[in-house]
């Protein structure tokens, strides 16, 4: 019973973190038709910035969180302006470039703090909330609530603002949007900053919980790709639903069976979705 | 003397065969690694010819490697048989995977090939029969004995010559295939998939064929790898190696047959010269990859173009751009 409750809490937290990372990936695919393999590394950079600001510089954790979002958003903007813009008509080229960015960011993290260093970030909410048999560490609760809050803000941005309408118009039909006077370049930069900032925020939120290492982005990006394929590539709602389904499944299988088996099962689910349901839960596949 | 290309190829092969005579064991063993890598890159190029990028190629090499390791350790089968078995097993696995995978294209194929390959690799880690995370080791080198005459391929120079011979034969077969009708069809599919179908080419069948043929050669490369290192571990076939194979193919260039061979040799030597900066290596590759994609999409090959023209091979289109 105790394990079941703990696993439920962990599943909820994993869902929240995965959703934050995956919606950014889905957003970029929707707007720019680019699969960003470096997205997991933006999550990693977020965790590193949080560590640097809050532990190394000794400042507040929340300043670290803000710093993480700012730094990753700037990296996102730089990727769009310096790299993707030059290869606009070549999605495969952009995909390959993101692999290059992935390797550069990983090596950057190694140069910054060493390959095997132990980096610790103190949570601003230590301790545990106890309700009967339920143990709820405050920081995990904070991660879940913050992720839900951020997603609400993102959905409000996309649904209710002029900027959001522009983003959705570009995602639906690039040429038509351009004919309406929407600047593709400006929307792309903004979308890239949003997407990267969300990944950075996820890294900052998880920094006190996970082990910070230069390679921490790899399992995350694999999970995120499984999730956005399940949810339908480019669909933000699909990514959120698939994050909850997949993370809950994964957490339970790795707690009760084994984490390698859970990964194999996840990969098989992704293959099955690709074969039998290429549109995913909510998306529209291009051409399979 | 049919063409200057063949003469040049034979001359290069003879020059390569002289390597153990001029260097020590370390660089001879490195020469074996170069030969294996060239075989991997050339076979990967077959898939690239049809216009796809795959993450499964390295794991298919692993299928060949594990097949040979198990046959040698448990059944003590001789080298030529394990070589054939490794190739056949890799081709068989690829043939099975090709049914679901080649219904996909582009990004979907890339992710599908990753999912299938990673699942296979994790199974190797999980199943004790394959040695778990530590893999299989203590694989004896091939040994040839006919009457009084015997060769011990545990000697790096002998094994190098054996690998070079096997790789040269494979390259020749691949070269002939590319010159043949099937090679033309692969290129046609890459350039004009729909048009190829309208003139009656079953494009999915030919893409599947390319995937399986490439896997057979990757399997051979895997068998050579097992004997060269005497061991096989699942980590040798992880995503990083798949990424590196892709990077090398892009940086080296995939337009011409000779280009990918020469590119492979140059990049292996470059890679070795980076050994002093092991931790920085991924970042350096990342920067090179970005630079090549932005400024030089034809890759190293362009640098080698005058040389390839000398080899009498007309440039063929199959760049990633």
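Quick note: the coordinates plus some simple rules give every number you see, no bench work behind them. Since the structure is predicted, the reported quantities are computational estimates derived from the model, not experimental observations. In this analysis, Cβ positions are derived from the backbone assuming ideal geometry, glycine residues included, and neighbour counts consider all displayed protein chains.
Numbers for the structure displayed
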quantity: Efficiency of FRET from Cβ geometry, residue B:144 and residue A:185, R₀ 51 Å, rounded to 0.05; calculated: 0.20
quantity: Computed over region A:2-215: relative contact order in percent, which uses C-alpha pairs under 8 Å that are six or more apart; calculated: 41
quantity: Per-residue mean of C-beta atoms belonging to partner chains within 10 Å, peptide B:111-124; calculated: 5
quantity: Chain B: radius of gyration and largest Cα-Cα distance (Dmax), Å; calculated: 19.3, 61
quantity: Inter-label distance, nm, simple model (7 Å from Cα along the C-beta direction), residue B:270/residue A:275; calculated: 3.8
quantity: Förster radius 25 Å - calculated FRET efficiency between residue A:134 and residue A:155 (Cβ-Cβ, nearest 0.05); calculated: 0.30
quantity: Principal-axis tilt of helix A:2-32 within chain A, Cα atoms, nearest 10 degrees; calculated: 20
quantity: Computed P(r) (all Cα pairs; the protein assembly as shown; 10 Å bins; percent); calculated: 3, 16, 25, 26, 17, 9, 3, 1, 0
quantity: Nearest-ten-degree value, helix A:39-51 long axis tilted from longest Cα axis of chain A; calculated: 50
quantity: Cα shape, region A:85-223, gyration tensor, a/c 1.5 rule; calculated: oblate
quantity: Approximate shape of region A:158-288 as ellipsoid semi-axes (Cα gyration tensor, √5λ), whole Å, largest first; calculated: 31, 20, 11
quantity: Cα-derived Rg to Rh of region B:23-98, Kirkwood definition; calculated: 1.04
quantity: Estimated FRET transfer efficiency (residue B:8, residue B:281; beta-carbon r; R0 30 Å; 0.05); calculated: 0.40
quantity: Rough spin-label spacing in nm, given labels placed 7 Å along Cα→Cβ, for residue A:125 and residue B:193; calculated: 4.7
quantity: Helix A:61-78 axis, angle to chain A major axis (alpha carbon atoms, nearest 10°); calculated: 30
quantity: Spatial separation of Cα centroids for region B:1-76 and region B:168-208, in angstrom; calculated: 22
quantity: Ranked packing of A:228-237, B:284-293, most packed first, by mean Cβ within 10 Å; calculated: A:228-237, B:284-293
